[in-house]
Amino acid sequence: MHLIPFPAVRPGHAERGFTLIELAIVMFIVTLLLGGMLLPLSAQQDVRAYGDTQKILSEARDALLGYAMANDRLPCPASSTSSGVEDPVGGGTCNYPYDGYFPAATLGLSPVDSQGFLVDGWGSDSDNRIRYSVSTANTNAFTTSSGMKNTGITVLAPDLQVCSTGVGMSNAGLATAACASGTALASDAVAVIYSLGKNAGSAGSGTEETHNPNPRSTTTADRAFVSAAQGSASDDQVVWMSKSTLFNRLVAAGRLP
Ligand SMILES: [Ca+2]
Ligand SMILES: [Ca+2]
């Protein structure tokens, strides 16, 4: 009885070379398949990070409303060294009204990084910290204890602006910064909360997002922010608190008028 192994293992046989070619083809196909799978995977991760960030921003806004109802004022933004605590503690005249961070420690919110700052869904780098800005209108009434009640609901005029584009913005970098005509998504916002988005590590290079203060922006912080469509000009994710929402909650809580 003669059993001959198959495929043949005899040196020099033609089928040996053929097997190697087959292996190469299989590896080539596997590489193609993996490549095809990796792209959708990263796209899926982006969708998840974007969604997580939107949820974090929305919860942050709710937490601010809760804080306002309990404390008769909004917290001041945290500074880069205050470990997520408002600066100054106790509110009043905020040290960083337009270019500070969300005071997660003051509000007891998570997820925070090792230094107490609320972070977005894109990572845990210091650039992934959630930004928070608050109106200084009516002599800081919104961040001063009982400031809103003492000023009166009819006099209060929060002045943060959220523009759909930075194009044509007037007085950028000045106290009177304003959206171009027809581009204001809000012109009387009390607070603006935002993430620098996926490009946080190099944030600020997009023509729109340069109007939102971030570590690499050369634009002076001001009261106007840009919430543009997601794209090369901006990937920042921006939410804001409207005057009506805040007043509605404060009246319901018996804090106003
Ligand atoms: Ca960005
Ligand atoms: Ca700005």
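Stretched out fully, how many nm does the piece from Phe18 to Ser242 gain, at 0.36 nm a residue minus the Cα gap? Each step should come with its number before you reach the end.
Numbers: separation 224, 0.36 × 224 = 80.64 nm, distance 7.08 nm.
Fully extending the segment from Phe18 to Ser242 adds 73.6 nm.
Helix-only estimate, please: 222 nm mean residue ellipticity of the chain, summing -39500 (n - 2.57) across DSSP H runs of length 4 or more and dividing by its residues, to the nearest 500.
-10500 deg cm²/dmol
Binning every alpha carbon pair distance of the range 124-257 at 5 Å from zero, what are the percents per bin?
2, 11, 20, 22, 17, 12, 9, 5, 1
On a 0 to 90° scale, report how tilted helix 243-252 is relative to the longest principal axis of the chain, with both axes built from alpha carbons and the result rounded to the nearest 10.
It is inclined by approximately 70 degrees.
Please give, to one decimal in nm, the separation of the simple spin-label points placed at Arg216 and Ile25, each 7 Å out from Cα toward the Cβ.
Spacing of the two 7 Å Cα→Cβ label points: 4.7 nm.
Please arrange Lys149, Lys243 by counting, for each residue, the other beta carbons lying within 10 Å of its beta carbon, fewest first. Walk me through the numbers before you get to the answer.
On the way: Lys149 16, Lys243 21.
By the 10 Å Cβ count, ascending, the order reads Lys149, Lys243.
Which listed residue (Thr210, Ala224, Ile21) has the Cα farthest towards the positive end of the charge dipole for the chain, taking +1 on Lys and Arg C-beta and -1 on Asp and Glu C-beta about the Cα centre?
Ranked along the dipole, the leading option is Ala224.
Principal axis extents for the chain, Cα atoms only, whole Å, descending order, please.
Reported extents, whole Å, longest axis first: 106, 39, 32.
Ratio of Rg to Rh for the range 14-100, alpha carbon only, Kirkwood?
1.51
Can you list the equivalent-ellipsoid semi-axes of the range 87-134, largest first and in whole Å, using the square root of 5 times each Cα gyration tensor eigenvalue? Present the calculation step by step, with values, prior to reporting the outcome.
Values: eigenvalues 78, 28, 11 Å².
Taking √(5λ) for each eigenvalue gives 20, 12, 8 Å, largest first.
Taking the Cα centre of the chain as the origin, how large is its charge dipole in debye, to the nearest 20, when only Lys and Arg (+1) and Asp and Glu (-1) carry charge on their Cβ atoms?
Dipole about the Cα centre, nearest 20: 300 debye.
Hey, if you put +1 on the Cβ of every Lys and Arg and -1 on every Asp and Glu Cβ in the range 34-252, which of Ala200, Met148, Ala105 ends up farthest toward the positive end of that dipole?
In the range 34-252, that residue is Met148.
Please identify every one of the trypsin sites (Lys or Arg not before Pro) in the range 72-146 that sits in a loop by DSSP and has no more than 11 other beta carbons within 10 Å of its own beta carbon.
none
Under 19 Å Cα to Cα from Lys149, which lysines show up? Leave out anything in the same chain fewer than 8 places away.
Here the lysines satisfying the reach criterion relative to Lys149 are Lys243.
The numbers here are math on the coordinates, done by the rules we state, and not lab data. These figures come from a predicted structure and were not determined experimentally. Quick reminder, even Gly has a Cβ in these numbers, built from the backbone with ideal geometry, and neighbours come from all protein chains shown.
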